[in-house]
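Inspection log for the structure reproduced underneath, given as structure tokens.
The values are calculated or read from the model by the stated rules, or taken from the named source; none is laboratory data. Note that the structure is a prediction, hence the values are computed from the model and not measured. Quick reminder, even Gly has a Cβ in these numbers, built from the backbone with ideal geometry, and neighbours come from all protein chains shown.
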Amino acid sequence: MNAEQLILSLGAILLATRLFGWLFQRIGQPRVVGEMTAGIVLGPSLLGRFFPAAFANIFPSDSLPVLTALSQIGLLLFMFAVGLEVDFKNIMKQRAVVVLTSNASILLPLLLGMGLAASLYPQFAGKNATFPSFALFMGTAMSITAFPVLARILKERNLLGTNLGAVAVASAAIDDVTAWVLLAALTAMVHSAESWPRLALTLLGLVVFVTVMLLPFRRAASLLEGFARKKDATALFSILILIMLAASWTTERLGVHALFGAFVAGLAMPKNRLIAAAMERIESLALTLLLPLFFVLTGLRTRIDLIAGRQAWSYAAAVIAIAILGKLAGAALAARASGMDWKNSVALGVLMNTRGLVELVVLNAGLELGVLSPALFTMMVVMALLTTFMTTPILAAMRLQPAPAKP
């Protein structure tokens, strides 16, 4: 792939994602929903189907490896930033309702997804999928909440400072951690499909890695603030990137997805002003340039024409319905049992249905691992789009009380 072709591909991707992101913001949606939609528009479902010559010119086959490599760097940066945003001190402030709500909003969709897997497995499992790995993946995909997107929706609607906002953010953070642990276990299962000793060693290595990162390394990382004050922000930025890459390399070597290492590295970082400033730089690079590549690559893998016939669309409808029901019922009923009123309980269930980019990351991992077929991948992408899209209009219709203005 030459430089001219790369510039054309990047220009088309950035133009489309920015345009759709702006359009969706104009109708009250998070920008990420528009960017996800732009990926599908640029893929074979629309551009490739109606303008095949333009599609072949913008995305020739030899461009995909380069775009994939760049998007992977973007994903590592994004997952590192997600880990940086999770603050366990804030979670502990609402621990009673948060523990019950987050567990219920994971467990119910997890079980429903695993139950649905029994019907989907014969027709829609990937080439490398055993039933246990396929069922675990379906449960994991159903139980995801996109913590970063949810936090931005709450901020835009001035709900972040409310009790609902605090519980939603903390529950979504726990959901994110749990989802990545489940994905790590799933990756280990697929890579060690016929070797239980290897799976045991992989899981043991994973436990050791997480323990080291969250205990001794976390304490050592607190020294970074003093180092950064003596040096400069650029030095801190470089160190954070090196830590992220080292953690990602470690989990990849363990047979677990590199994204899990980036997430845990972010989780282990101290939450202070200098780290937050570095995080903004990381997010700017990832969200502006590299993540749009991931949206388009997801779109290139999404083929709506694979959902053909009444039976296939019935399965797609079942996937969407179970995804919504599991999250909504699990979170709402648990919140109500914890003492929250029905209106805020239902609003919490709606918020926990926000899947966004995190869902796409997991789905792409499932496709790459050979757990999902392309047809089921497309169904799940449609589900991720729909469940994220519906959050803002429903919250607007509910007319929730915003946080009081600061004096």
Fill in: Boolean, Ile73 is surrounded by fewer than 21 Cβ atoms within 10 Å (Cβ to Cβ) and of a type outside the set (S, T, N, Q)
yes
Worksheet item: more than 28 Å from Gly21 (Cα to Cα), surrounded by 22 or more Cβ atoms within 10 Å (Cβ to Cβ) and in contact (Cβ under 8 Å) with a residue 24 or more places away in the chain, is that true of Ala173?
Response: no
Practice prompt. Give the residue that is farthest from Leu160 (Cα to Cα), with candidates limited to residues of the stretch 124-147 that are surrounded by fewer than 24 Cβ atoms within 10 Å (Cβ to Cβ) and free of Cβ contacts under 8 Å to residues at least 40 places away in the same chain.
Written response: Phe131
Discussion item. Val264 - would you say it is over 13 Å from Leu224 (Cβ atoms) and not in a helix (DSSP H, G or I)?
Written reply: no
Item to complete: Determine whether Gln25 is of a type outside the set (Lys, Arg), surrounded by fewer than 20 Cβ atoms within 10 Å (Cβ to Cβ) and touching a residue at least 12 places away in the same chain (Cβ under 8 Å).
Response: no
Item to complete: Report yes if some residue within the stretch 371-380 is in a helix (DSSP H, G or I), small (Gly, Ala, Ser) and within 26 Å of Gln29 (Cα to Cα); otherwise report no.
Response: no
Fill in: Residue in the stretch 155-170 that is modelled with the lowest pLDDT, counting only those that are under 20 Å from Phe389 (Cα atoms) and under 17 Å from the mean Cα position of the chain (by Cα)
Val169
Discussion item. Take the residues in the stretch 347-370 that are β-branched (Val, Ile, Thr) and part of a helix (DSSP H, G or I); name whichever of them is nearest to Asn163 (Cα to Cα).
Written reply: Val350
